[in-house]
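J.: Below is a structure I'd like to ask you about.
The values are calculated or read from the model by the stated rules, or taken from the named source; none is laboratory data. As the structure is a prediction and not an experimental result, all values here were calculated from the model. When we count neighbours, we look across all protein chains shown, and the Cβ atoms used for this are built from the backbone with ideal geometry, even at glycine. Note: areas computed on protein heavy atoms with side chains; ligands, DNA, RNA excluded. Shrake-Rupley method; radii C 1.70, N 1.55, O 1.52, S 1.80 Å.
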Amino acid sequence: MHKGVIPIFLMIVAAVLVSGCIFSSSQLDKIPPHIIAATEALSDLDLIEGNINTFSLDDEIYLINQLLSDNEGYQDDEEQLSSQYHAYRTWNDAFELMSQILRDDYMIYQSHLRQAERLYEDFNYVGWREEIIRAKSQAARMAEKSREAAYMMDTIPTEDIPADLQQSLRQSRYAMMEIARQSTSLENTLQQML
């Protein structure tokens, strides 16, 4: 009687393990469309033109985070799946950093410019200059953080992501470096005002 119970028990355990791996793989397979959509949303943003609405980007970041969270318990089941999980996690962390730059850091930059404008109208040129310097420093920080996000993309091994995401990997990094370039352009414009 015991001999019949053990094979059935082992079959149940095997079925659970296999279903776990299938779940893991299927969850990761849901991420690439959101990576592509997030990349497109990021590519549409532009500091120079003031196009900084991160709603679409943030929505995709949230969905990717949800899928990664659902997959956390399974990430170490298989080396390939684990590598893919960590690649997507790094990618989404870079997206989150870019969203923070565009949503929060740019707003700080803008607040310094608004304050500088008020001080200029009040003929307070010393205060105006201080705010311009603060805005310039903020633009430099934005450029540095954007480059940091792009460098995070460089740490993702291309073999850890599907072939259909290779173009998005390059496009994401380019978009991040473009925000860095735009931030440096803002910084240089402010330097010329001093």
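J.: For the stretch 151-166, state whether one or more residues are within 19 Å of R103 (Cβ to Cβ) and not hydrophobic (A, V, I, L, M, F, W, C).
T.: No - not one qualifying residue is present in the stretch 151-166.
J.: Any residue that is within 30 Å of Q80 (Cα to Cα) and among the hydroxyl-bearing types (S, T, Y) - is there at least one of those in the stretch 134-153?
T.: So far as the stretch 134-153 goes, yes, one or more of its residues are within 30 Å of Q80 (Cα to Cα) and among the hydroxyl-bearing types (S, T, Y).
J.: So which pairs qualify, if the first residue must be in the stretch 50-67 and β-branched (V, I, T), the second must be modelled with pLDDT of 95 or more and open to solvent by 60 Å² or more (accessible area, probe 1.4 Å), the Cβ gap must be under 8 Å, and the two must be at least 6 apart or on different chains?
T.: If the second residue must be modelled with pLDDT of 95 or more and open to solvent by 60 Å² or more (accessible area, probe 1.4 Å), the pairs left are I61/E96.
J.: Could you pull out the residue among Q182, Q191 that is open to solvent by less than 10 Å² (accessible area, probe 1.4 Å) and either part of a helix (DSSP H, G or I) or of a type in the set (D, E, K, R) (or both)?
T.: Selected residue: Q182, the only one of Q182, Q191 that is open to solvent by less than 10 Å² (accessible area, probe 1.4 Å) and either part of a helix (DSSP H, G or I) or of a type in the set (D, E, K, R) (or both).
J.: Please specify each residue of the stretch 46-71 satisfying the condition of being under 28 Å from A139 (Cβ atoms), open to solvent by less than 70 Å² (accessible area, probe 1.4 Å) and more than 13 Å from the chain's Cα centre (by Cα).
T.: Within the stretch 46-71, D46, L47, G50, N51, I52 qualify.
J.: I would also like to ask the following. Among the residues of the stretch 154-172 satisfying the criterion of being part of a helix (DSSP H, G or I) and open to solvent by less than 60 Å² (accessible area, probe 1.4 Å), which is nearest to S82 (Cα to Cα)?
T.: D160
J.: Here's a follow-up. Inside the stretch 97-132, can you point out the residues that are over 24 Å from S185 (Cβ atoms), part of a helix (DSSP H, G or I) and either open to solvent by less than 70 Å² (accessible area, probe 1.4 Å) or touching a residue at least 60 places away in the same chain (Cβ under 8 Å) (or both)?
T.: Scanning the stretch 97-132 gives a single hit, G127.
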